1. With respect to Leu51, is the statement that it is touching a residue at least 40 places away in the same chain (Cβ under 8 Å), surrounded by fewer than 20 Cβ atoms within 10 Å (Cβ to Cβ) and of a type in the set (A, V, I, L, M) true?
2. Against the condition polar (S, T, N, Q), on the phi < 0 side of the Ramachandran plot, at pLDDT 85 or above and not in a loop (DSSP other than H, G, I, E, B), how does Ser82 come out, does it pass?
3. Would you check which residues across segment 176-198 are surrounded by fewer than 16 Cβ atoms within 10 Å (Cβ to Cβ) and charged (D, E, K, R) and list them?
4. For segment 124-141, which residues satisfy the criterion of being surrounded by 14 or more Cβ atoms within 10 Å (Cβ to Cβ) and out of contact with any helix residue (DSSP H, G or I) (no Cβ under 6 Å at 6 or more places or on another chain)?
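The values are calculated or read from the model by the stated rules, or taken from the named source; none is laboratory data. Since we're looking at a predicted model, the values are computed, not measured. Neighbour counts run over all protein chains shown; Cβ positions are idealised from the backbone, glycine included.
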Amino acid sequence: MIDVLCVGHAAYDLTFAVPHHPAPDEKTFATRFAGCGGGPAANAAVTVAKLGGRSAFAGYLGQDMYGDLHLAELAEAGVDTSLVVRGTNPTPLSVIWAKPDGRRSLVNYRGETRPQSKTSEVLKTSEVWLPKVVLFDGWEPDMSLLLAQWAAEQGIPTVLDAGSVHRGTVLLASKVDYLVTSEKFGLEFTGAADVETAVSQLSQVAETAVITLGARGLIWQNTAGSGFLPAYPVQAVDTTGAGDTFHGAFAYALAQAMPWSDLLRYASAAAALCCTKHGARLGIPTSAEITTLQRVQSQQSA
């Protein structure tokens, strides 16, 4: 049985640590470089595997050097790649500038890559696996809509990683059980002026709504209540992938039937630790590292 099936985007990340954001016509030099696989759903799948769960990724990789590298990374991490589609269009690439304060700028190139149509095979495989949780990032909307409907019929919880407003996230927002969004998505999707209003409106779209707020923590609301959780204090060097890691840890904790408050703290700790290393994939922590951070934080708060 698969703990989490992750459906959506895979890219290859080229991360450069720079002293500051380059000005127009400025030539600057990176102080550090990291190359690794990326993409919200792909990173979430690796997160689940690194935390000790069984995960699978359904999405696209090109038949090129970056696709080969990424596929090998997924396999090495223990992610099931039987639902990865390979094609002649290039593997999407992301070039990332990571600043000393941990903030980053990202440019993603997808070329002519379009959403895949391997829906029948994904559904057939899912029926065999019966994943405990299905996670979407919205970048495979057609496949995801059918999977979300199938999961609802099976009573399988679904999670949407809604980082930005686009066709896939808009279509899936009301089709999942857990709508877990960035602050940007929450405000733009609802048109609200503040996150408190936004999360309230999102909780009317999905059964449970969570808005992640970066270094400020997160806010949530569902029929059982609402709340705020501050972020774990860490020295951030690169925030790339923190949201992906949060969603992967969230889905894994959900698959483990973790109590709600523990689930949120677990996912928050995972995201915080991801920020302490350069390269999104390289910063994904283990369960032991999460436990250590939580223990240290608990002792400091006592």
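1. Here the answer is no, as Leu51 does not meet what is asked.
2. Yes, satisfied.
3. Initially, segment 176-198 is screened for residues surrounded by fewer than 16 Cβ atoms within 10 Å (Cβ to Cβ), giving 184, 188, 191, 193-194, 196-197.
Once the filter is applied, which keeps residues that are surrounded by fewer than 16 Cβ atoms within 10 Å (Cβ to Cβ) and charged (D, E, K, R), segment 176-198 yields Lys184, Glu188, Asp194, Glu196.
4. Listed by number, the residues that qualify are Thr125, Ser126, Trp129, Pro131, Glu140.
Yes/no per residue for (1) out of contact with any helix residue (DSSP H, G or I) (no Cβ under 6 Å at 6 or more places or on another chain); (2) without any contact (Cβ under 8 Å) to a residue 24 or more places away in the chain; (3) crowded, with 23+ Cβ neighbours inside 10 Å; (4) β-branched (Val, Ile, Thr):
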| residue | (1), (2), (3), (4) |
| --- | --- |
| Leu218 | yes, no, yes, no |
| Gln221 | no, yes, no, no |
| Gln235 | yes, no, no, no |
| Ala257 | yes, yes, no, no |
| Leu263 | no, yes, no, no |
| Ala270 | no, no, yes, no |
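Table: residues versus (1) surrounded by 20 or more Cβ atoms within 10 Å (Cβ to Cβ); (2) part of a helix (DSSP H, G or I).
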| site | (1), (2) |
| --- | --- |
| Gly35 | no, no |
| Asn43 | yes, yes |
| Val46 | yes, yes |
| Ala56 | yes, no |
| Tyr60 | yes, no |
| Ala72 | no, yes |
